Amino acid sequence: MNTMNLCWEVALHGIGNTLSIWQNWELMHMILSDLELPFIEEEVWRTIKQLPSDKASGLDQYTCHFYKVCWAIIQEDIVRM
């Protein structure tokens, strides 16, 4: 069963009704392994553009407006994090 079919089966029938224990582990490994991939600049920029400009995203209190306006200067440092 390929990844796409497996995901659809889980969505339609639930993970417990669809998969064996081995398939559960295999599916979770496939999903979680994507979390180990580095972010690419386009993903980060696309996310920043979608955020409301007047909100601060963290404890540093920098608003998203700051990230949008200064992106050309800070992009390499942000993506590297």
Handout entry: Odd one out for residue 48, checked against (1) surrounded by 12 or more Cβ atoms within 10 Å (Cβ to Cβ); (2) in a helix (DSSP H, G or I); (3) of a type outside the set (Lys, Arg); (4) modelled with pLDDT under 85
Key = (4)
Practice task
Would you be able to say whether some residue in the range 25-35 is more than 20 Å from residue 79 (Cβ to Cβ), at pLDDT below 70 and surrounded by 14 or more Cβ atoms within 10 Å (Cβ to Cβ)?
Solution key: no
Exercise for the section: Can you give me the number of residues within the range 51-79 that are touching a strand residue (DSSP E or B) at 6+ places or on another chain (Cβ under 7 Å) and either on the phi > 0 side of the Ramachandran plot or assigned to a loop (DSSP other than H, G, I, E, B) (or both)? Expected result: 4
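The values are calculated or read from the model by the stated rules, or taken from the named source; none is laboratory data. Small disclaimer: the values here were computed from a predicted structure and weren't measured. Every residue, glycine as well, gets a Cβ built from its backbone with ideal geometry; the counts of neighbours run over all protein chains shown.
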